[in-house]
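Enquirer: One structure coming up, written as structure tokens, with questions to follow.
The values are calculated or read from the model by the stated rules, or taken from the named source; none is laboratory data. Keep in mind it's a predicted model, so treat the numbers as computed, not measured. Here the Cβ is made from the backbone with ideal geometry for all residues, glycine too, and neighbour counts use every protein chain on show.
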Amino acid sequence: MSLRFAIPGIELTERSTSRKVRARFTDLTPERATELVAPWWDEQSWNEEGLFVAEDNGWNWPKFAADSIGQGLPDCVGILTPEDGQIQGALWLDVAVPSLLCPNQQALHIQRLATAPRNREGVAEEPRFKAAGRALMLYSITYSYAFGLEGRITLSSLEGAQSFYEGLGLIDTRELDHQDLKIFEVTPLVAQRMLKTYHLL
């Protein structure tokens, strides 16, 4: 079950001009996901220090996409800007897991979420778009609602992304995953707030 085409009004903001740019969600096939390996990281001059510390440099998006084929969940999607045909962010959404904050409830689990390096402060010299990560979180929450999970989402956050998730209202569960990464969770209250912002609830 996919809701990516039922989420209206997804826009990214061009940083240099504040122009709103239309975007949409799209399936990531293994072939399309190859764009998220070398092209994502090689297409322009980077801030060398930022590139070195980018924790997701080397994630195998073609494999993630291949693992999701025909499974319903997991689901691998990108956020695409039709005007240039580029993928501005990507998400690997996995099966439901027990919620850490809501006893006896389940939550969808985000295995991987990343915005394109071209859009990141500290990595790109002149970041292009903002709001791709927020849009991918919206997709995840909407998907969770579709499965009757009230918007609950869990994810393990890379250290450099923790402030982003905290800014969206995700809660630090005080638990660590097997890589000692902090686990954050979207509660129903946070999910409702985000869906109302986009007039989806």
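So that you can scan it fast, the table gives a plain yes or no per residue for (1) under 16 Å from ASP75 (Cβ atoms); (2) part of a helix (DSSP H, G or I); (3) at pLDDT below 95:
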| site | (1), (2), (3) |
| --- | --- |
| ALA161 | no, yes, yes |
| ILE183 | no, no, no |
| MET194 | no, yes, yes |
| LEU200 | no, no, yes |
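Enquirer: For residues that are at pLDDT below 90 and in contact with a Ser or Thr (Cβ under 9 Å, 6 or more places away or on another chain), tally how many sit in the range 95-122.
Expert: Number satisfying all stated conditions: 1.
Enquirer: Follow-up. Based on this model, can you work out whether TRP59 counts as at pLDDT 75 or above and of a type outside the set (Ser, Thr, Tyr)?
Expert: yes
Enquirer: Quick one: in the range 84-142, which of the residues that are closer than 21 Å to LEU201 by Cα and among the hydroxyl-bearing types (Ser, Thr, Tyr) is farthest from the chain's Cα centre (by Cα)?
Expert: THR142
Enquirer: Oh, and also: List pairs: first in the range 154-171 and at positive phi, second modelled with pLDDT of 95 or more and of a type in the set (Asp, Glu), Cβ under 7 Å, 6+ apart or cross-chain?
Expert: Listed pairs, sorted by first residue: none to list.
Enquirer: Determine the pairs where a residue that is touching a residue at least 12 places away in the same chain (Cβ under 8 Å), located within the range 106-119, has a partner that is charged (D, E, K, R) with Cβ atoms under 6 Å apart, the partner being 6 or more residues away or on another chain.
Expert: Matching pairs, first to second residue: ALA107/ARG152; HIS109/ASP94; GLN111/ASP94; ALA114/ASP56; ARG118/ARG128; ASN119/ARG128.
Enquirer: Those residues that are of a type in the set (S, T, N, Q) and either without any contact (Cβ under 8 Å) to a residue 24 or more places away in the chain or more than 15 Å from ARG134 (Cα to Cα) (or both), I need them from the range 172-194; list them, please.
Expert: THR173, GLN179, THR187, listed by residue number.
Enquirer: Please go through (1) charged (D, E, K, R); (2) under 28 Å from LEU80 (Cβ atoms); (3) surrounded by fewer than 20 Cβ atoms within 10 Å (Cβ to Cβ) for ASP172 and return the number of the only condition it doesn't satisfy.
Expert: (2)
Enquirer: From SER68, SER45, grab the single residue that is hydroxyl-bearing (Ser, Thr, Tyr) and at pLDDT below 80.
Expert: Checking each option against the conditions leaves just SER45.
Enquirer: Taking the stated definitions as given, is SER144 closer than 19 Å to ASN57 by Cα and either of a type in the set (S, T, N, Q) or without any contact (Cβ under 8 Å) to a residue 60 or more places away in the chain (or both)?
Expert: Against the criterion (closer than 19 Å to ASN57 by Cα and either of a type in the set (S, T, N, Q) or without any contact (Cβ under 8 Å) to a residue 60 or more places away in the chain (or both)), SER144 does not qualify.
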